[in-house]
Amino acid sequence: MGTLYLVATPIGNLEDMSPRAMRTLREARLIAAEDTRVTRKLLNHFDIHTTLTSYFEHNKLSKLDVILAALEQGDVALVSDAGTPAINDPGYELVKAALAAGHGVCPIPGPSAPLAALAVSGLPTGAFLYLGYLPRKTSDRKALACQVANLAYTLIFLESPRRLLASLADLESALGDRPIAVARELTKVHEQTWRGTISGAIVHFTQNEPRGEFTLVVEGQKAVEHERWSEDKVLIAVEFGLKLGESPSALAKRVAQESGWERREVYRLIGKV
């Protein structure tokens, strides 16, 4: 039983091709590629002569049997046009089918535009939400942005140069004028990461024609710090809660969360009522 290897390839700079990735592509029985023309150039550069077959959105179902049959005979490597396969490409379907057939699936980590952009963004990296390419229609973009507007996660999107300005305007409309990092052409000669606010990005890319592929990293919703209640306001809430029949334990917990007081402090006031 062969193993399906998910091989990350450079997103621009060919020096990011790892020795392990090259060895895996050389030793595989078959390489399944999103675009064989793009991958052939990469293989030629590194003098790799493994048999190549296409696997992309419009043939993913018809090619499954071919690739699964190859896995019965040996290892298969999956690559995308650039970066980590199975992210924003039909590799997910192949991974699912390989696992269902009992094959091992192994990652060969490497370049990833969303993670590279996040790392250099200057925005919080502890928790993030990657949402892939923004929808093509304005109404769909705004709907998606509204769905995630109240989340505290840093948001990551991909966008084309043609729709960049329209998407920035829709993000500002739905999310407000938040901090953003706009990364383009990562690892390539004209790599650039612009940092500022969404409104500032609109001005910048209105004055400077968008070129290349873009990754947008947007700050998540900041937690709203509530003003600490006065003692009189806490007492009123406590008295009202007791009249409604809340237990002291549940009442203290609820009022503490709403008021900014410590739970034990609320308990002390409950004892005075």
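The values are calculated or read from the model by the stated rules, or taken from the named source; none is laboratory data. What you see is a predicted model; the values in this text were computed from it and never measured. Reconstructed Cβ throughout: ideal geometry from the backbone, glycine too, with neighbour counts over all protein chains shown.
A few comments on the model shown:
- Subset of region 13-49 [on the phi < 0 side of the Ramachandran plot and assigned to a loop (DSSP other than H, G, I, E, B)]: ASN13, MET17, SER18, ALA28, ARG29, GLU34, ASP35, PHE46, ILE48, HIS49
- Of the numbered criteria (1) buried (at least 18 other Cβ atoms within 10 Å of the Cβ); (2) modelled with pLDDT under 95; (3) within 26 Å of GLY12 (Cα to Cα); (4) out of contact with any Lys or Arg (no Cβ under 6 Å at 6 or more places or on another chain), the one PRO90 fails is (4).
- Within the set GLU213, GLU227, GLU159, GLU219, the sole residue that is modelled with pLDDT under 95 and crowded, with 17+ Cβ neighbours inside 10 Å turns out to be GLU213.
- Checked against the criterion of being surrounded by 16 or more Cβ atoms within 10 Å (Cβ to Cβ) and of a type in the set (A, V, I, L, M, F, W, C), the candidates ILE236, ILE180 yield just one match: ILE180.
- Subset of region 11-33 that is in contact with a helix residue (DSSP H, G or I) (Cβ under 8 Å, 6 or more places away or on another chain) and surrounded by 20 or more Cβ atoms within 10 Å (Cβ to Cβ) - its residue that is nearest to PRO111 (Cα to Cα): ILE11
- Only residues that are modelled with pLDDT of 95 or more and either within 13 Å of GLY220 (Cβ to Cβ) or in a helix (DSSP H, G or I) (or both) were counted across region 132-156, and they come to 3.
- Residues of region 53-75 that turn out to be in a loop (DSSP other than H, G, I, E, B), modelled with pLDDT under 90 and in contact with a helix residue (DSSP H, G or I) (Cβ under 9 Å, 6 or more places away or on another chain), as a count: 1
- Residue pairs meeting the criteria (Cβ under 6 Å; at least 6 apart or on separate chains; first within 30 Å of ILE180 (Cα to Cα), in region 222-240; second at pLDDT 85 or above): HIS226/GLY260
- Residue check for ALA8: in contact with a helix residue (DSSP H, G or I) (Cβ under 8 Å, 6 or more places away or on another chain), under 23 Å from SER160 (Cβ atoms) and modelled with pLDDT of 95 or more: yes
- Check on THR50, touching a residue at least 12 places away in the same chain (Cβ under 8 Å), out of contact with any helix residue (DSSP H, G or I) (no Cβ under 8 Å at 6 or more places or on another chain) and among the polar types (S, T, N, Q): no
- Taking each residue of region 5-30 that is under 23 Å from ALA116 (Cα atoms) and charged (D, E, K, R) and looking for partners that are in a strand (DSSP E or B) and modelled with pLDDT of 95 or more with beta-carbon atoms closer than 6 Å, six or more apart or interchain, yields ARG20/ILE108.
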